[in-house]
Amino acid sequence: MNLKFNDSSITVAIVGCGGFIGCHLLDAILARTRWRVFGVDLDFYRIQHRLHDERCEFMCADLADKSVVERIAKYPVVVNLAAICTPSRYMAEAPEVIRSNYDHPAALADACAKSGSWLIHFSTSEVYGRTSADSGMLVEDETELTFGPVTASRWSYATAKLLTERYIAGLKNLKWTVVRPFNFVGPYMDFMPGVDGSGIPRVLANFSSALVRGEPLKLVNGGTAKRSFTSVFDAVDFMFALFEAGLAGHLAGVVTNTANASGNVVENVAEKSPFSQAFNVGNPDNEVTIAELAYKMRKIFAEIKNVDIETVPAPEMVSGVDYYGEGYDDSMRRLPSVEKAELLLGFKAKTPIDVVLRESLTWFVGHYSSLDERRETRDER
Ligand code: UDP
């Protein structure tokens, strides 16, 4: 075990430890290190098995409470995962989405700047905005960020997240890293509408719910938008690469070879530091259109259930405004450049899309089939 991971005096604060990413990060920290965890959330159902772990302390609270913010900032490493990140809410509850994604994390950043904690803030790939179908790789420090009009309230979330990034980057004494997740998927993602949440979850959970219920998958605006799906377990590995680099402090320079204007190869030495950086975390090899995703998931579902694919309803088209409401808009392509994480942290996601989808869907079917049947029996009574 790496020396730093062996250090039982380190406590990491995880805000949003009971969420989709938080529950996997918590499990990995407890399994791979000797660290302690101070976990904050409002919902603990995904981490029931950890509630009595002697290396953990949990608090049922959110960042709206100033005393909680100050308490969190006492720990040397603070990971902030808390956010409202359900696209259907970006239209209906824009002010709440903005408060949750700007006001609260900005207050936490202020507190970390004061205490000297390293703040690892989870932003979003949505900060790249209204990308077109022919957008290329999205590069952290190069790509221009273009949002839709103010009437398209879909962009409330991205606007708040980007403002938080700018605020964090502007704080003089803050040691920070920003993470931009590209469609993380895996067990425990989101919810099943009507069972443990309401509204429309993100696409993987929504398609999984429809498959379990024998309903057609809905392809918004033809399902031509593209996303690159990333295993949450790869995302956790990214966090360990980040922890390792951050705890080791500034490392030796890293050498890359590039050709100069006259075609000669030159050596560039860059400082290999994870601080004051925004990182894309994604898997460009897993890019698919949403229609391709639907057909892949339908096929995998039929295999998991061992039924003829023709018995699983085919996807149907639906318009974005009919489905999500007025103000819906979309990013047509979100393809991450992952060079920076590879160069500075030596991290590269490795799980192929078919493996990610089978793993996620197998978990979803197992977890929700019985819960959904119980709910239907209750409703019939
Ligand atoms: N989408 C879809 N059907 C659904 C849910 C989502 O076609 O049931 C589309 C959505 O319009 C978008 C993509 O899938 O183009 C990804 O949507 P998601 O809500 O997962 O989040 P996003 O990647 O847009 O943040």
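The distance from the alpha carbon centre of the stretch 294-323 to that of the stretch 65-85 is 40 Å, rounded to a whole number. Based on alpha-carbon atoms, the Kirkwood radius and the radius of gyration of the chain give Rg/Rh equal to 0.97. Selection among W176, T146, N280 by position relative to the dipole of the stretch 83-370 gives W176 as farthest towards the positive end (Cβ unit charges, Cα centre). Summary of the geometry: the stretch 91-115 and the stretch 125-188, compared by the centres of their Cα atoms, lie 15 Å apart. Here the stretch 83-370 is treated with +1 on each Lys and Arg Cβ and -1 on each Asp and Glu Cβ, and its dipole about the Cα centre works out to around 340 debye. Sequence-ordered 3J(HN,Hα) estimates for the stretch 131-139 from the Karplus curve with 6.51, -1.76 and 1.60 and θ = phi - 60° stand at 6, 9, 4, 9, 5, x, 4, 8, 10 Hz, glycine and proline given as x.
Amide hydrogen proximity for F58: with H placed 1.01 Å from N in the peptide plane, the residues at 5 or more positions away or on another chain lying under 5 Å are G39.
Peptides 24-33, 61-70 ranked from most to least packed give 24-33, 61-70, packing being the mean of other C-beta atoms within 10 angstrom over each peptide's residues. The amide H of F184, built 1.01 Å from its N in the peptide plane, has T230 as neighbours under 5 Å, considering only residues 5 or more places off or on other chains.
No value in this document is a laboratory result; all are computed from the given coordinates. On a predicted model such as this, the values are computed, not experimentally measured, just so you know. Every residue, glycine among them, receives a Cβ derived from its backbone with ideal geometry; neighbour counts consider all protein chains shown.
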